[in-house]
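Every read-out reported here was derived from the displayed coordinates using simple, explicitly stated rules and does not represent laboratory data. If you're wondering where the values come from, they're calculated on a predicted model, not measured in any experiment. Here the Cβ is made from the backbone with ideal geometry for all residues, glycine too, and neighbour counts use every protein chain on show.
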Amino acid sequence: MGWAQASLFTAPADTTLKEVVVTVFNSNMRWKEAPAAVAVLSARELQQLSPVSFVPVMNTVPGVRMEERSPGSYRLSLRGSLLRSPFGVRNIKVYWNEIPLTDATGNTYLNLLDLQQVSQVEIAKGPAASVYGAGTGGAVLFNQPLAFADTTANRFTLGITAGSYGLNQQQGEWLYANRRFSSSLQVNRLQSNGYRDQSALLKSGLVWQTAFQSNRHRLNTLFFYTDLSYGTPGGITAAQMQLNPRLSRQPVGGLPGALEQKAAIYNQTAFGAVRHHYRINAKLFLKDFISLSSTWFTNPFITNYEKRKELNINMGLQLDYQPFAAIPQLQWINGMEWTINEASINNYDNKGGIAGSIQYGDMIYSRQGFFFSQLKLPLGSRLAATLGFSMNHQAYTYKRLTDPQPVFQQRTINASFVPRLALSYRLNNQVQLYAIAAEGFSSPSLAELRPSDGNFYPFLNAERGWNTEAGIKGFLLQNKFSFDLAYYRFLLNNAIVRRTDAAGAEYFVNAGKVLQQGMELLLKYRLYQNDHSFVQSVMLSNSFSYQPYRFKEYQQGSVNFNGNRLTGVPEKVNVLGIALLAKKGWYITAVLNTTGSIPLNDANTVIAGSCELLQAKLGKSFVCKRIRAEVFIGGDNLLNQQYSLGNDINAFGNRYFNPAPARNWYGGIRFGLH
């Protein structure tokens, strides 16, 4: 019997350097051969730190910055794309088991997922429009594949975690498999009181996946329901953070604070999808999917109380043609995706956390689609090329229903041809060179065209620009050492930048040209390996990002920001890690994340200082007949730094900071029956 799904007991400190197969850009090739800046997080790496949050492990990848302003309030950036994301995930295409989680408005509710529902993450950094449609940041693929078994088998697992600030988590899973059918049913519950006032979190969810296979067909289904609520304490000033970092946003002038208004997010989402693979013959392979989701979103805010209902339909089709089985490098792929979003958005007065009189009500229809084509072509024994392009369409239809005579407004944004060219050259069996020239295209999202200030901004333009990149990656020293080095230069036009008004409501403007050029380096080294000693293996890793991003052509009124550092992006980030595996199931992992200073406004007059974040985890696993168990303890911010893990950029009233927890702890146990 073989299980592809990640076990809860995959040792986080396993130090074997193994090359994985990546699927990003439909490559289905070994990591070092993929002509792209691709990072892979394995099941072991995902479990090496916090058992409840994606943030620490995602931040070990160079070029990636994930933030959590308060428990559950995720933000994700690839190479600086956080500039336009006050919350959630924008400008990045996100998939879960090959199904898009990103909707037609360009938004992704990443916080609906639980860490235990993912066993591998692939991250493609830089413009990926040739295959994944709109988005200049890149693409993130979350995977948890189901496997089949030679004989009927069941597996049950249960995990419990508790920690500082009222943290508690319970999770369970039932896995079933035989030769033709497999199923996974997962339940989870996560609760935290939060570090700051008005920052409590409660999330409950259920996920059911199935897979069925025949000779030529494979059918997968995915259903999940998540009920999520978390407080939004809001930003505070530097003086308030020094006085009491646990404060939420305070009343000012005639505006109440976050506590008085019970500022929070409530999100109930049901999602269902069917994915089908069909091998037509030896040369043709068909993939298709359809998904349907519904979201009930409520947001008591300082100045209003928003109620939103969203309906999403997403479908896609892809045809792979491989004419010669003996030449897998020759492949032609054509496909399309089409997504529709219907959003009913009503804003009311916020009467201390209760909806009052209606301010305005809107109906918005969003449609996003693209067609893509990609050709993989061998150019000799060492050289290969990948040529691709996409044709993109984005349209919004907007009506304010509370106007005396409401009429629909239209906004259409097209990108008729967005190309990507990648070349790879094999120096030897272990080392590969690659070069990329790719264009990126990203329409403004619904939350940017119709932001929290309640206005509609139909003339906000799409971002678009060219990225050139070169890299080298591979293995050395008999696979004891792996490396991945990339240099890129991305000139972005019409960059979208967030601003806030006096009430704290946001709106967005185009910021001219932005130059995002930098360097990324990831090193892993198996320092020690001896199965007969108490300490059996030691792995060292180091991730380094150099991001001296600058505004090139950006003027607001009479103020010129040319040459200023890009808002919200640290220039240097270094992450040093160690993983140790010992006899009798003992392991320990530790990560030191050193993040440089971050400009918090476009004028660069407010800077968040650098910080050093130390995290560690100690655990031991047990095996007794059919029962496996693991106990662990861990700590976060062990150096007790005062820092903000998610700043409010260009914030009005100097309310830039969302202080992160002081030194805190967690511990837990997991056990299972096979």
Q | Principal axis dimensions, largest first and in whole angstrom, of the chain by Cα | A | 68, 52, 47
Q. For the range 107-113, what does the Karplus curve 6.51 cos²θ - 1.76 cosθ + 1.60, with θ = phi - 60°, yield as ³J(HN,Hα) per residue in whole Hz, taken in order and with x for Gly and Pro?
A. 9, 10, 8, 5, 6, 6, 7
Q | Cα-centred dipole magnitude for the chain, charges only on beta-carbon of K, R (+1) and D, E (-1), debye, nearest 20 | A | 1340 debye
Q: Would you be so kind as to identify which of S445, S543, G465 lies farthest towards the positive end of the dipole of the range 441-547, taking Lys and Arg as +1 and Asp and Glu as -1 on Cβ and the Cα centre as origin?
A: S543
Q: For the range 184-189, take each phi angle, set θ = phi - 60°, evaluate the Karplus expression 6.51 cos²θ - 1.76 cosθ + 1.60, and give the result in whole Hz per residue in order, putting x for glycine and proline.
A: 9, 10, 10, 10, 8, 9
Q. So how far, in whole Å, is the C-alpha centre of the range 595-622 from the one of the range 486-523?
A. 19 Å
(Q) For a quick check: with amide H placed at 1.01 Å from N, whose amide H comes under 5 Å from M29's, ignoring anything fewer than 5 positions away on the same chain? (A) V22
Q) Where the centre of each part is set by its Cα atoms, how far does the range 115-140 sit from the range 430-450, in angstrom? A) 10 Å
Q | Compactness of the range 198-239 as Cα Rg over 2.2 N^0.38 Å, two decimals | A | 2.20
Q: Starting from the amide H of D648, placed 1.01 Å from N in the peptide plane, find each other amide H under 5 Å away whose residue is 5 or more places distant or on another chain.
A: F657, N658
Q. Around F324, what is the net charge, scoring Lys/Arg as +1 and Asp/Glu as -1 over all other residues with Cβ under 13 Å from its Cβ?
A. +2
Q) Can you give the net charge of the other residues whose Cβ lies under 14 Å from the Cβ of F181, counting K and R as +1 and D and E as -1? A) +2
Q. For A238 and V274, FRET efficiency with R0 = 56 Å and r from the beta-carbon atoms, rounded to 0.05?
A. 0.65
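Taking a 26 Å limit on the Cα-Cα distance, which of the listed pairs K32/K584; K376/K473; K125/K376; K125/K309 fall beyond it? Present the calculation step by step, with values, prior to reporting the outcome.
Numbers: K32/K584 34 Å; K376/K473 20 Å; K125/K376 20 Å; K125/K309 32 Å.
Pairs exceeding 26 Å: K32/K584; K125/K309.
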(Q) For C624, C611, which order do you get if you count the other beta carbons within 10 Å of each Cβ and list the fewest first? (A) C624, C611
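How far, in nm, would the chain grow between W665 and S373 when pulled straight, counting 0.36 nm per residue and subtracting the alpha carbon separation? Let's see the in-between values first.
Details: separation 292, 0.36 × 292 = 105.12 nm, distance 4.89 nm.
That pair, W665 and S373, stretches by 100.2 nm at full extension.
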Q | Given 14 as the ceiling on other Cβ atoms within 10 Å, longest exposed-site-free region of the chain for chymotrypsin sites (Phe, Trp or Tyr not before Pro) in DSSP loops | A | 1-323
Q. Short version: ³J(HN,Hα) in whole Hz for each residue of the range 635-651, in order, from phi by Karplus 6.51 cos²θ - 1.76 cosθ + 1.60 (θ = phi - 60°), x for Gly and Pro, what are they?
A. x, 10, 6, 5, 8, 6, 6, 9, 8, 10, 9, x, 8, 8, 7, 6, 7
Q. Can you sort K32, K283 so the residue with the fewest Cβ neighbours within 10 Å comes first?
A. K283, K32
Q | Loop trypsin sites (Lys or Arg not before Pro), the range 160-212 (other Cβ atoms within 10 Å of the site Cβ: 16 or fewer; DSSP) | A | R179, R180
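Quick one: compute the contact order of the range 223-376, relative version, from alpha carbon pairs under 8 angstrom and 6+ residues apart, as a percent.
About 18 percent, as a whole number.
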Q) Taking Cα atoms of the range 269-335, Rg/Rh with Kirkwood Rh, to two decimals? A) 1.33
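Only counting other Cβ atoms within 10 Å, I'd like S119, S42 sorted with the fewest neighbours first. Write out the running numbers ahead of the final one.
Working: S119 20, S42 16.
Ascending Cβ contact count within 10 Å gives the list S42, S119.
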Q: When a/c is below 1.5 the answer is rounded, else prolate if a/b is larger than b/c, else oblate, so apply that to the range 27-105 with a ≥ b ≥ c taken from the square roots of the Cα gyration tensor eigenvalues.
A: oblate
Q | Built amide H within the under 5 Å cut-off of E306, gap 5+ | A | N299, F301, Y348
